[in-house]
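The values are calculated or read from the model by the stated rules, or taken from the named source; none is laboratory data. Computed from a predicted model, the values in this text were never measured in an experiment. So basically every Cβ, Gly included, is an ideal-geometry build from the backbone, and we count neighbours across all protein chains shown.
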Amino acid sequence: MSYFRKLNNAALWDNIHKLRKSIKLEPNFKERVCWNCKKELNIYDFLSDNIELSHVFILSLWQNRILEFHCCECFKNLKSHELKSIERDLKIRHCTYCKSPIDLYKFTKYNNYLKIYELKEVWLNIESPIYCDNFCQKKHYSSLRADIKKYKKSKKN
């Protein structure tokens with residue numbers, strides 16, 4: 001599942017390093033602005049939001065004069081109708097660890113790197129664990145490890 005794709009920082013940093021080298025070789029590197037609000041864009045943000053793409057492909061998209069890009073905020077506004085659709089299917093989930101209610105927008109803010117299809121996949125799958133914050137996530141996995149240790153001990157006896 002690509003839910004944890006940004007957690008592999010080594011691969012991301014390797015791609016950033018390769019992209020930097022490629023940019024240095026590019027004679028006419030394009031500076032980009034948001035097509036909608038004219039905010040300055042950064043190719044490294046684009047890479048980190050699309051780490052499943054190679055640095056070569058990212059650079060070729062960036063340099064393409066036909067394509068226009070949106071900043072994160074404008075892009076989110078474009079996608080808001082898709083969030084509303086997901087919310088109609090399931091408005092509230094509960095933290096796997098502490099059981100506190102989490103609405104879709106809080107979850108989206110906490111996991112702002114998720115793409116819409118990933119968000120939909122995680123949010124609508126009731127079996128998929130979700131957490132209200134890092135603390136609950138760490139506590140949950142810590143308690144799971146403790147349970148596994150107890151189980152292994154009881155199995156030996």
Assess whether L59 counts as being part of a helix (DSSP H, G or I), touching a helix residue (DSSP H, G or I) at 6+ places or on another chain (Cβ under 6 Å), more than 30 Å from P129 (Cβ to Cβ) and not assigned by TED's automatic domain parsing to the domain that holds E127. yes
Segments classed as helices (runs of 4 or more DSSP H), wholly inside the stretch 99-157, with at least 1 members that are closer than 15 Å to R88 by Cα and at pLDDT 90 or above: 104-110, 116-124
Taking the stretch 20-41 and keeping residues surrounded by 12 or more Cβ atoms within 10 Å (Cβ to Cβ) and closer than 10 Å to C71 by Cβ leaves R32, V33, C34, W35, N36, K39, L41
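Let's see how each residue does on (1) touching a residue at least 24 places away in the same chain (Cβ under 8 Å); (2) in the same structural domain as D14 (by TED's automatic domain parsing); (3) not polar (S, T, N, Q):
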{"site": "S54", "(1), (2), (3)": "yes, yes, no"}
{"site": "C71", "(1), (2), (3)": "yes, no, yes"}
{"site": "K79", "(1), (2), (3)": "yes, no, yes"}
{"site": "K91", "(1), (2), (3)": "no, no, yes"}
{"site": "P101", "(1), (2), (3)": "no, no, yes"}
{"site": "T108", "(1), (2), (3)": "yes, no, no"}
{"site": "E127", "(1), (2), (3)": "no, no, yes"}
{"site": "K138", "(1), (2), (3)": "no, no, yes"}
{"site": "L144", "(1), (2), (3)": "no, no, yes"}
Subset of the stretch 7-31, residues in contact with a helix residue (DSSP H, G or I) (Cβ under 7 Å, 6 or more places away or on another chain) and either at positive phi or basic (K, R) (or both), comes to K18, K30
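Give H70, H94, H81 a once-over and let me know the one that is within 30 Å of S22 (Cβ to Cβ) and not hydrophobic (A, V, I, L, M, F, W, C). Outline the logic, then answer.
On the way: H94 fails: within 30 Å of S22 (Cβ to Cβ); H81 fails: within 30 Å of S22 (Cβ to Cβ).
Only one candidate qualifies: H70.
Yes or no, residue by residue, for (1) more than 30 Å from N28 (Cα to Cα); (2) surrounded by 12 or more Cβ atoms within 10 Å (Cβ to Cβ):
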position: I58; (1), (2): no, yes
position: Q63; (1), (2): no, yes
position: I86; (1), (2): yes, yes
position: Y97; (1), (2): yes, yes
position: L114; (1), (2): yes, yes
position: E127; (1), (2): yes, no
position: K153; (1), (2): yes, no
